[in-house]
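Data first, discussion second: the structure below is written as structure tokens.
The values are calculated or read from the model by the stated rules, or taken from the named source; none is laboratory data. Just so we're clear, the structure is a prediction, and the values are computed from it rather than from any experiment. Cβ coordinates were reconstructed from backbone atoms using ideal geometry, including for glycine residues, and neighbour counts include every protein chain displayed.
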Amino acid sequence: MRKGILIFLIATVVVLGFAVHNVWTLLQLLVVDGSEDAISRAELPAPKSGAINERPQLIPKIIHQTYINESIPEHWKGPQQSCIDLHPDYEYKLWTDKKAREFIAAEYPWFLETFDGYPYPIQRADAIRYFVLHHFGGIYIDLDDGCNRKLDPLLAYPAWLRRTDPTGISNDAMGSIPRHPFFLKAIDSLPNYNRKWPLPYITVMASTGPLFLSVIWVHYKNAMPEGNDVVRILFPDEYNHHTWSFFTHHLGNSWHSNDVKLIFWMREHWILITFIGFTVGFSLLYVIYSFCIRNRQNNGKSRFAFTRTNFYRRISQKDIELNDRHEV
Ligand SMILES: *[C@@H]1O[C@H](CO)[C@@H](O)[C@H](O)[C@H]1NC(C)=O
């Protein structure tokens, strides 16, 4: 009996250890919030302040955006124009599908096979932004983000990303000097993360999207970058919550589908889901434990052991029947 409990505990520890090891980066995302790298509101000059010109301008004045082709949909023309109008001294690059592919073929031919093989076009739209930031530097802005003020103060950092609620970072607005080590790591990691998950939304998020970039960001931070290698973080207040924030956000996500509803539901009910996960996990362990006991007790001859055996056997078989039915 003691031995049974010991096996149960060891099995539990092994299973938990395995599970935690697998989602370790995701767990880290819950505690790594990037506040130590925050671009604080106090260091940002006001929109019309003369202090803006006194700051170094490390990031080249280029705005990158992506779309299928040159025909931008009506609802995004406003935000797009707001960024162009505020930045007459910036170069503007719209990466259409055709231009993006030509660029990858010319500059990063090792990636072309992965790029062409992505099942969802949004994966290419995600990937291309990391490559153009690595190659040219500049500021990437999603088409559904409009500009609320000039981006010049953000040119003062070698690289920056945008923090999202409740955790992680997004890839909808980001800036970088050419060949920054963070974006090098991002493009270098893309082929390894090119996996298919059960839902399209998860596949996109984890292979090229914000989840991918958040995981890369956690790994990158774990290596303790210093000086110009540090990636600074723009927090929601500075992103779009105030009159002095940099961006305005407009609705119209072009690629969300039905599975997104499920994900959002899961995000809202993550405590329940965690609870169910643990319940299922421990039930499975209990079934395994019952098997151990049954096998052991079958060797013993006491009447007590016999009764117990029957009890456990009934439970086990019921569970197995249920499991079998689930698999059909
Ligand atoms: C651009 O793409 C959209 C969406 O696929 C399509 O409806 C439109 O005809 C395309 N425009 C051009 C000029 O090819």
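Brief remarks follow.
- Any hit, region 54-63, residues being exposed (fewer than 14 other Cβ atoms within 10 Å of the Cβ) and touching a helix residue (DSSP H, G or I) at 6+ places or on another chain (Cβ under 7 Å): yes
- Region 131-169, subset hydroxyl-bearing (Ser, Thr, Tyr) and touching a Gly at 6+ places or on another chain (Cβ under 9 Å), residue farthest from Phe111 (Cα to Cα): Tyr157
- Hits in region 49-74 (condition: acidic (Asp, Glu) and within 16 Å of the ligand (Cβ to nearest atom)): Glu70, Glu74
- Residue count for region 222-236 under the criterion of being closer than 14 Å to Gly34 by Cα and surrounded by 11 or more Cβ atoms within 10 Å (Cβ to Cβ): the result is 9.
- Some residue of region 81-91 being in contact (Cβ under 8 Å) with a residue 24 or more places away in the chain, among the hydrophobic types (A, V, I, L, M, F, W, C), under 22 Å from His249 (Cα atoms) and within 16 Å of the ligand (Cβ to nearest atom): no
- Positions within region 129-158 being out of contact with any Leu (no Cβ under 8 Å at 6 or more places or on another chain), of a type in the set (A, V, I, L, M, F, W, C) and buried (at least 23 other Cβ atoms within 10 Å of the Cβ), in sequence order: Val132, Leu133, Ile141
- For region 125-138, the criterion of a residue being free of Cβ contacts under 8 Å to residues at least 60 places away in the same chain and within 14 Å of the ligand (Cβ to nearest atom) is satisfied by at least one position.
- Look at region 216-242: where a residue is acidic (Asp, Glu) and a partner is at pLDDT 95 or above, sitting 6+ places away or on another chain with Cβ atoms under 9 Å, you get Asp229/Pro158; Asp229/Ala159; Asp229/His180; Asp229/Pro181; Asp229/Phe182; Asp229/Tyr220.
- Candidates Thr96, Thr25 - the one that is within 16 Å of the ligand (Cβ to nearest atom) and not acidic (Asp, Glu): Thr96
- Matching entry among Ala42, Ala46 (being in contact (Cβ under 8 Å) with a residue 60 or more places away in the chain, surrounded by fewer than 16 Cβ atoms within 10 Å (Cβ to Cβ) and more than 16 Å from the ligand (Cβ to nearest atom)): Ala46
- Matching residues in region 28-39 - criterion: being surrounded by fewer than 14 Cβ atoms within 10 Å (Cβ to Cβ) and either under 18 Å from the mean Cα position of the chain (by Cα) or in contact (Cβ under 8 Å) with a residue 12 or more places away in the chain (or both): Leu30, Val31, Ser35
- Residues satisfying the stated conditions in region 97-125, i.e. surrounded by fewer than 16 Cβ atoms within 10 Å (Cβ to Cβ) and closer than 17 Å to Glu70 by Cβ: Asp97, Lys98, Glu102, Pro121
- Gly252 vs. criteria under 28 Å from Arg149 (Cα atoms) and at pLDDT below 80: yes
- Selection count where residues are loosely packed, with under 11 Cβ neighbours inside 10 Å and not β-branched (Val, Ile, Thr), scope region 2-23: 7
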